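So the structure is just underneath, and the comments pick up after that.
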């Protein structure tokens, strides 16, 4: 069982935490991560694109000329697809791009990401932010004390409102609660920072 350092808001080591091998020490399953991230990104697509078919465009309520005797090709409406201003054939219509991924694969993907971050040394744990009131400046100071740079995902306990309000305005910082943790937010960064309660909660869910 691997261990990880727990630091305080000043960047000093205050203890260690045991990491379950089944969550933080598996061989990353890259295909599972790929599938789950694709599913999440597809679910975010609005899918509101639309074109009008020949039955939806306005006009064209009568034949433009009689069926026979004119020498021209027969036409039933000026809103047929071959006419300018006519309907569109095989055009896009509103749809959902989302697709379902089994819960076992979702959990496997999250365990894979956490294991990869642990192996890379990109997983950090803090015992707590301890904010009495929201303060973006103090949140920036905490990240600097921990030596975390670049894009970072911060996972806090579900009821830590002050930490969420303090961190959400920092550039390159994405803050989520433990119950909101997902594969995309955990993988799309250079580092992941957990509070100790959030790590314990998520480890219990994924074990």
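Restricting the search to region 139-162, which residues are surrounded by fewer than 16 Cβ atoms within 10 Å (Cβ to Cβ) and part of a loop (DSSP other than H, G, I, E, B)?
Initial filter on region 139-162 (surrounded by fewer than 16 Cβ atoms within 10 Å (Cβ to Cβ)): 141, 144-145, 147, 149-151, 158-159, 161.
If the condition is that a residue be surrounded by fewer than 16 Cβ atoms within 10 Å (Cβ to Cβ) and part of a loop (DSSP other than H, G, I, E, B), then 147, 149, 150, 151, 158, 159 are the ones that fit.
Tell me whether region 99-121 contains one or more residues that are in contact with a helix residue (DSSP H, G or I) (Cβ under 6 Å, 6 or more places away or on another chain) and farther than 28 Å from residue 27 by Cβ.
no
Take region 163-206 and flag every residue that is assigned to a loop (DSSP other than H, G, I, E, B) and under 18 Å from residue 116 (Cβ atoms).
Pass one, region 163-206, residues assigned to a loop (DSSP other than H, G, I, E, B): 168-172, 181-182, 188-190.
Residues satisfying the conditions are 181, 182, 188, 189, 190.
Looking at the structure I just gave you, is residue 20 in contact (Cβ under 8 Å) with a residue 24 or more places away in the chain and either assigned by TED's automatic domain parsing to the domain that holds residue 197 or more than 32 Å from the chain's Cα centre (by Cα) (or both)? If you could, list the steps in order and put the result at the bottom.
On the way: in contact (Cβ under 8 Å) with a residue 24 or more places away in the chain: yes; either assigned by TED's automatic domain parsing to the domain that holds residue 197 or more than 32 Å from the chain's Cα centre (by Cα) (or both): yes.
So residue 20 passes the test.
Listed residues 152, 142, 113; which is within 20 Å of the chain's Cα centre (by Cα) and either outside the structural domain of residue 177 (by TED's automatic domain parsing) or under 18 Å from residue 9 (Cα atoms) (or both)? Step through it out loud before you land on a result.
Details: 142 fails: within 20 Å of the chain's Cα centre (by Cα); 113 fails: either outside the structural domain of residue 177 (by TED's automatic domain parsing) or under 18 Å from residue 9 (Cα atoms) (or both).
Just a single option satisfies the conditions, and that option is 152.
As an exercise: evaluate residue 26 against (1) closer than 24 Å to residue 188 by Cα; (2) modelled with pLDDT under 95; (3) surrounded by 13 or more Cβ atoms within 10 Å (Cβ to Cβ) and give the number of the one condition it does not meet.
(2)
The values are calculated or read from the model by the stated rules, or taken from the named source; none is laboratory data. Keep in mind that what you see is a predicted model, and the values were worked out from it rather than measured. Positions of Cβ are backbone-derived with ideal geometry, glycine not excepted, and every protein chain shown enters the neighbour counts.
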